[in-house]
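A short write-up of the structure that comes next.
Just so it is clear, none of the values below were taken in a lab; they were calculated from the coordinates. Worth saying up front: this structure is predicted, and the values here are computed from it rather than measured. Note that each Cβ is placed from the backbone with ideal geometry, even for glycine, and that neighbours are counted across all protein chains shown.
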Amino acid sequence: MSRSISTRTGDDGTTSLLYGQRVPKNHPQIEAVGSVDEFNAALGLARSTCPDANRKAELERIQLDLVALMGEIACAESDAGRYAASKFTRIGEAELARVDAAVAAIEARKIKSSGWATPGANQHAAALDLARAGARRAERRLVVLPHQGKTVRPLLLQYLNRVSDLLWLMAREAETKS
């Protein structure tokens with residue numbers, strides 16, 4: 001018999017950080033992780049509507065990066081040393097450079113950007129804009145964490161900012177294919 005997803009440990013309004021520390025479900029780190037999770041789900045929608053295999057792979061790579069990001073921000077500050085010594089994947093300079101290269105590649109194509117304030121030219125462009133809005137929300141949630149005593153590597157904020165730029169460009173490019 002398999003274990004149930006319903007552990008009931010959260011019935012009291014708490015949940016666990018990465019190494020088991022219980023916190024309220026509205027804790028700033030949980031808010032940040034939840035926002036990144038929503039962003040990841042929106043990227044999944046964008047990926048499912050994408051007609052291009054290379055672009056789908058690029059979106060999936062970002063999703064995998066977000067899993068790493070969630071793990072890092074779900075770690076209590078008191079467990080930071082344990083996390084640093086772990087084998088968990090982390091976003092690094094290579095991931096940021098990959099996103100920067102993707103931004104530069106789309107910008108080099110000089111796509112048109114009129115009408116961007118009203119998403120919905122087609123389903124894929126709208127899904128990308130939804131994901132971009134999710135990226136911005138996640139970014140806002142991460143910015144709060146240092147004020148709450150949680151260290152956030154600047155690279156994580158840079159990554160989310162650049163990914164939201166990339167998604168904006170991808171959406172504009174998708175609109176041109178309407």
Open item on the list: For a Förster distance of 22 Å, can you work out the FRET efficiency between the beta-carbons of Asp79 and Ser2, rounded to the nearest 0.05?
Closed with: 0.15
Task: Lys/Arg +1, Asp/Glu -1 at C-beta; the chain dipole; positive extreme among His124, Gly81, Ile91 - done: His124
Open item on the list: Just to confirm the number: angle between the C-alpha axis of helix 123-144 and the first principal axis of the chain, 0 to 90 degrees, nearest 10?
Closed with: 40 degrees
Open item on the list: Out of the trypsin sites (Lys or Arg not before Pro) in the range 1-96, which ones are loop residues according to DSSP with at most 12 other C-beta atoms within 10 Å?
Closed with: Arg3, Arg8, Lys25, Lys87
Task: Zone of Asn54's modelled label, taken as backbone nitrogen in the range 100-136 under 17 Å from a point 7 Å along Cα→Cβ - done: 100-111
TODO: For the range 1-142, list log₁₀ I(q)/I(0) at each q in 0.12, 0.14 Å⁻¹, using the Debye formula over Cα point scatterers of equal strength and ignoring solvent, two decimals each.
DONE: -0.62, -0.81
Task: Whole-Å distance, taken between Cα centres, linking the range 43-87 and the range 129-178 - done: 12 Å
Open item on the list: Treating only the Cβ of Lys, Arg, Asp and Glu as charged (+1, +1, -1, -1), what charge dipole size does the range 30-120 show about its Cα centre? Round to the nearest 20 debye.
Closed with: 480 debye
- [ ] For the range 82-162, count the residues as N, evaluate 2.2 N^0.38 Å, and divide the Cα radius of gyration by that value, please.
- [x] 1.37
Task: Rounded to 10°, Cα long-axis angle of helix 93-108 versus longest principal axis of the chain - done: 20 degrees
Open item on the list: Less than 25 Å apart at the alpha-carbon level, and either on another chain or at least 8 residues along: which lysines does that give for Lys177?
Closed with: Lys56, Lys110, Lys112
